[in-house]
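Before any comments, here is the structure.
The values are calculated or read from the model by the stated rules, or taken from the named source; none is laboratory data. Remember, predicted model here, so these are calculated numbers, not experimental data. Here the Cβ is made from the backbone with ideal geometry for all residues, glycine too, and neighbour counts use every protein chain on show.
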Amino acid sequence: MKVLVIDEEIPFPMNSGKRLRTLNLLKPLANRHEITFLCRYHENTDKPDVQAMEQCGIRTRVVPHPIRKKVGLKFYSALLANLASKDPYSVTSHYSKQMMEATAQIRTERPYDLIHCEWTPYAVNLKSFLSGPSVVVAHNVESLIWQRYFEVESNLLKKAYIYLQWKKMERFESMAFQMFTQTIAVSDQDRQAIEQWIPRDRVSVVENGVDVSYFQPSSDSSKPFSLVFTGAMDWRPNVDAMFYFLDEIWARVLRDYPQSTLTIVGRNPMTTLRDRVHNMASVNLTGTVDDVRPYLNAAQVYIVPLRVGGGSRLKILEAFAMGMPVVSTSVGAEGLCVAQGQHVLFANDPPDFAEAIGKLFNDQLLRKQLGEEGQRLVHEHYRWESLAGRLEEVWEKTLESKRSE
């Protein structure tokens with residue numbers, strides 16, 4: 001099968017959930033199919049990243065198109081200008097005439113059996129190219145994220161803007177999912193949300209996974225009373241989670257366990273978060289790291305205090321694979337087949353979250369039991385190898401459905 005994959009960026013380095021999913025699913029399929037990966041070029045796209053894709057057997061082509069930075073006057077001016085657009089900012093900011101031209105050219109050079117759009121907002125560039133078999137990956141139901149932002153935002157001006165983005169994204173997703181032969185959700189919850197727009201037989205689920213050969217438990221070298229959170233710190237749901245934890249939960253933990261420490265691991269931390277933790281001696285904000293495993297090994301408890309988000313959490317799967325006990329909100333573990341007290345401790349308000357952390361600090365046996373159950377779960381259900389096979393089945397189903405029309 002010849003597959004043209006359209007995405008916003010090369011999934012290297014693999015320092016975000018989206019990049020991890022994209023490459024870990026495509027890499028094994030490149031052994032059996034001819035995959036061409038088309039994305040835009042920007043200042044962070046390095047030749048070694050392109051070469052790494054080629055070494056995975058994935059033909060790669062990048063198109064010059066600068067990415068707007070989410071800081072400064074130009075960014076806020078663009079947000080203001082978006083008030084006049086029918087589409088949300090995350091869609092208009094990814095519209096690319098250059099990508100559309102490159103897609104047309106590459107399809108002329110080489111016919112493809114299937115077009116695979118790796119991110120819903122990028123569908124804005126593909127409206128003219130979807131007469132044949134096509135799939136789109138909904139890494140999240142983006143409108144659900146905006147709805148949750150709306151629900152937790154207290155600033156009335158921001159709340160009004162978020163409401164508009166929410167409704168614009170609902171409209172766009174409704175249109176985008178109908179454009180494609182198949183939509184791929186990452187969880188059953190997301191599939192159910194998408195079914196409000198398209199029939200059930202046009203939505204398939206391919207869950208997120210984890211590389212269990214890379215993320216493995218090590219000897220217990222964790223520091224007592226230590227917490228860790230990992231995730232891209234330029235993604236607003238993660239930043240919101242850390243502000244929520246620091247503002248509402250952290251003081252409760254320190255009151256009972258003053259020796260506690262927190263390590264926040266993730267790329268490109270927003271300035272507001274840097275400023276928030278600047279004088280907090282017990283909190284370490286690492287920024288971009290080459291390997292998150294040493295930070296996971298060093299911590300006693302993994303926390304996921306997310307209030308906003310969609311899809312499912314690769315971060316929890318990585319913690320499970322390394323045998324770590326996890327405290328999470330319900331939103332934080334959404335989309336995963338986990339049970340309270342067996343795989344994870346759920347806590348949806350600050351007192352309960354702090355209490356769950358204390359429970360794990362004090363109970364070595366419970367930490368061990370949760371870690372072992374989490375590790376067993378990912379080995380049975382969340383290995384990338386089997387999930388890549390599921391994606392392949394969706395591709396084949398998409399081709400067959402078009403042939404039978």
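At a glance:
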| read-out | value |
| --- | --- |
| Boolean, Leu387 is crowded, with 18+ Cβ neighbours inside 10 Å, closer than 21 Å to Ser187 by Cα and of a type in the set (A, V, I, L, M) | yes |
| Filter result for the condition that a residue is touching a residue at least 24 places away in the same chain (Cβ under 8 Å), more than 18 Å from the chain's Cα centre (by Cα) and outside the structural domain of Ile115 (by TED's automatic domain parsing), over Pro237, Pro258, Pro217 | Pro217 |
| Residues of the range 369-399 that turn out to be farther than 16 Å from Asn24 by Cα and not in a helix (DSSP H, G or I), as a count | 0 |
| Those residues of the range 152-170 which are more than 18 Å from Ala81 (Cβ to Cβ), charged (D, E, K, R) and at pLDDT 95 or above, in sequence order | Lys159, Glu170 |
| Test: Ile357 is β-branched (Val, Ile, Thr), under 17 Å from the mean Cα position of the chain (by Cα), under 26 Å from Thr263 (Cα atoms) and not assigned by TED's automatic domain parsing to the domain that holds Ala138 | no |
| Selection count where residues are under 26 Å from Arg32 (Cα atoms) and assigned to a loop (DSSP other than H, G, I, E, B), scope the range 86-116 | 4 |
| Subset of the range 177-191 [without any contact (Cβ under 8 Å) to a residue 40 or more places away in the chain and under 12 Å from Ala138 (Cβ atoms)] | Arg191 |
| Residue, farthest from Val327 (Cα to Cα), within the range 339-351, restricted to residues that are crowded, with 16+ Cβ neighbours inside 10 Å and free of Cβ contacts under 8 Å to residues at least 60 places away in the same chain | His343 |
| Filter result for the condition that a residue is closer than 25 Å to Lys2 by Cβ and aromatic (Phe, Trp, Tyr), over Tyr112, Tyr89 | Tyr112 |
| Residues that are assigned to a loop (DSSP other than H, G, I, E, B), touching a helix residue (DSSP H, G or I) at 6+ places or on another chain (Cβ under 8 Å) and within 28 Å of Arg376 (Cβ to Cβ), drawn from the range 215-240 | Phe215, Gln216, Pro217, Ser218, Ser221, Ser222, Lys223, Pro224, Phe225, Gly231, Ala232 |
| Count - residues of the range 4-19 that are among the aliphatic types (A, V, I, L, M) and surrounded by fewer than 21 Cβ atoms within 10 Å (Cβ to Cβ) | 1 |
| Any hit, the range 360-371, residues being over 22 Å from Val253 (Cβ atoms) and either surrounded by 21 or more Cβ atoms within 10 Å (Cβ to Cβ) or hydroxyl-bearing (Ser, Thr, Tyr) (or both) | no |
| Answer residue from the range 157-176, given it is of a type in the set (A, V, I, L, M, F, W, C) and either closer than 18 Å to Gly309 by Cβ or free of Cβ contacts under 8 Å to residues at least 40 places away in the same chain (or both) and is surrounded by the fewest Cβ atoms within 10 Å (Cβ to Cβ) among those | Leu157 |
| Residues of the range 241-285 classified as in a helix (DSSP H, G or I), buried (at least 19 other Cβ atoms within 10 Å of the Cβ) and not β-branched (Val, Ile, Thr), total | 6 |
| Within the range 206-244, tally of residues that are of a type in the set (S, T, N, Q) and under 14 Å from Leu317 (Cβ atoms) | 4 |
| Which numbered condition Asp291 misses (of (1) modelled with pLDDT of 95 or more; (2) farther than 30 Å from Glu151 by Cβ; (3) not in a helix (DSSP H, G or I)) | (1) |
| Top-ranked residue of the range 15-54 - restricted to ones that are among the basic types (Lys, Arg) and under 26 Å from Glu101 (Cβ atoms), ranked as modelled with the lowest pLDDT | Lys47 |
| The one condition in (1) touching a residue at least 40 places away in the same chain (Cβ under 8 Å); (2) not assigned by TED's automatic domain parsing to the domain that holds Asp113 that Arg376 fails to fulfil | (1) |
